[in-house]
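> Questions regarding the structure given below will be posed in turn.
The values are calculated or read from the model by the stated rules, or taken from the named source; none is laboratory data. This one's a predicted model, so the numbers in the text were calculated from it and none came from an experiment. Here the Cβ positions follow ideal geometry from the backbone for every residue, glycine too, while neighbour counts run over all protein chains shown. Please note that ligands, DNA and RNA were not included when accessible areas were found on the heavy atoms of the full protein model with its side chains. Shrake-Rupley method; radii C 1.70, N 1.55, O 1.52, S 1.80 Å.
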Amino acid sequence: MRILLKIIRWAIGFFFGSTILAVIIYRYMPVYVTPLMVIRSIEHISDGKSVIWHHHWIPLEEMSRHLPVAAMAGEDLKYLSHHGFNFESIKGAIKKNAAKGKIQRGGSTISQQTAKNVFLWPSRTWVRKGFEAYFTVLIELFWSKQRIMEVYLNSIEMGDGIYGVDAVAEYHFGKKAIDLTRSECALIVATLPNPRLYNSMIPSAYTRRQQRKIEREMKFIPSFPKEGEAIDPHTAKGTYYK
């Protein structure tokens, strides 16, 4: 029994130590590979297809200034004010999921999506959501809002085999991420609920409607602050995105 308890204590210590270390490392190191990228590559191979993997890591300063604002407008309106979780959205998701008997709607913030993309696997289980919450707390603790947004926009899936804004800018718009227009940024974000179904290069009528909705929301969101800048999205004046 003592040996078993010792093994358990060692395993728990290793888990917390290794995960905290990984989060600290990724605070400074680019995330070149994510679990989803590997999983999608395996799916391509199992389907007898060639592996498609387009991913270019770039710093936030080399992205269009419209991108973080579009991401907040389409995915997480309270990103600048919450600490990783939008509890109103979570309550709504819990009610819907309880009615369905399984997870149908996540209510995830950009922080939660980043935690999932970088450290976890794509699935809709309560165990995965539990790990997601744990990693969300860690990245909110050790990373800045700018770093979370930078990793999010670099790692999120934006098409079949396309990951991150610079890759989608090149393969869908023929330009660099920094040259994306306000409308193009809104269109990219409009596809994020299912980027393999909704294509920003050949947008459907539904995607166009979502794009217009995001562009309207962008008018009411604070400009995204630079690293080191503090902003209160509720009281700051003269900082709203134009």
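> Tell me, what is the FRET efficiency for Tyr171 and Ser144 to the nearest 0.05, using R0 = 22 angstrom and their Cβ-Cβ distance as r? Each step should come with its number before you reach the end.
Values: r = 29 Å, r/R0 = 1.33.
The pair Tyr171/Ser144 has a calculated efficiency of 0.15.
> Still on this structure: What ³J(HN,Hα) values, in whole Hz, does the Karplus curve 6.51 cos²θ - 1.76 cosθ + 1.60 give for the stretch 60-73 when θ = phi - 60°, with x put for Gly and Pro?
4, 5, 9, 10, 4, 5, 6, 5, x, 5, 5, 4, 5, 5
> Now for a different question. If I model a spin label as a point 7 Å beyond the Cα along the Cα-Cβ vector, how far apart are those points for Trp53 and Arg2 in nm?
Going by the 7 Å Cα→Cβ label model, 4.8 nm.
> Leaving out ligands, DNA and RNA, and with a 1.4 Å probe, what % of the accessible surface on the chain is carbon or sulfur? Let's see the in-between values first.
Details: 8070 of 13290 Å².
After summing per-atom areas, the C and S share lands at 61 percent.
> Under a 1.4 Å probe, what is the accessible area of the chain per residue, stated in Å²?
Numbers: 13290 Å² over 242 residues.
That works out to 55 Å² per residue.
> Using a basic spin-label model with each label point 7 Å from the Cα along Cα→Cβ, how many nm lie between Val127 and Lys219?
4.8 nm
> Amide H of Ile162 versus every other amide H placed in the peptide plane: which residues, excluding those fewer than 5 positions away on the same chain, fall under 5 Å?
It is His54, by chain and number.
> Anything over 20 Å Cα to Cα? Flag those among Lys78/Lys219; Lys78/Lys226; Lys49/Lys116; Lys129/Lys226; Lys145/Lys226; Lys6/Lys129, in the order listed. Walk me through the intermediate numbers first.
Values: Lys78/Lys219 14 Å; Lys78/Lys226 17 Å; Lys49/Lys116 26 Å; Lys129/Lys226 30 Å; Lys145/Lys226 9 Å; Lys6/Lys129 28 Å.
As for pairs spanning more than 20 Å Cα to Cα, those are Lys49/Lys116; Lys129/Lys226; Lys6/Lys129.
> Around Thr114, what is the net charge, scoring Lys/Arg as +1 and Asp/Glu as -1 over all other residues with Cβ under 14 Å from its Cβ?
Details: positive: Arg27, Lys116, Lys145, Arg147; negative: Glu75, Asp76, Glu132, Glu140, Glu150, Glu157.
So the surrounding residues net to -2.
> While we're on this one: Over the chain, what is the relative contact order in whole percent, taking alpha-carbon pairs under 8 Å and six or more residues apart?
Details: 309 pairs, mean separation 58.4, N = 242.
That works out to 24 percent.
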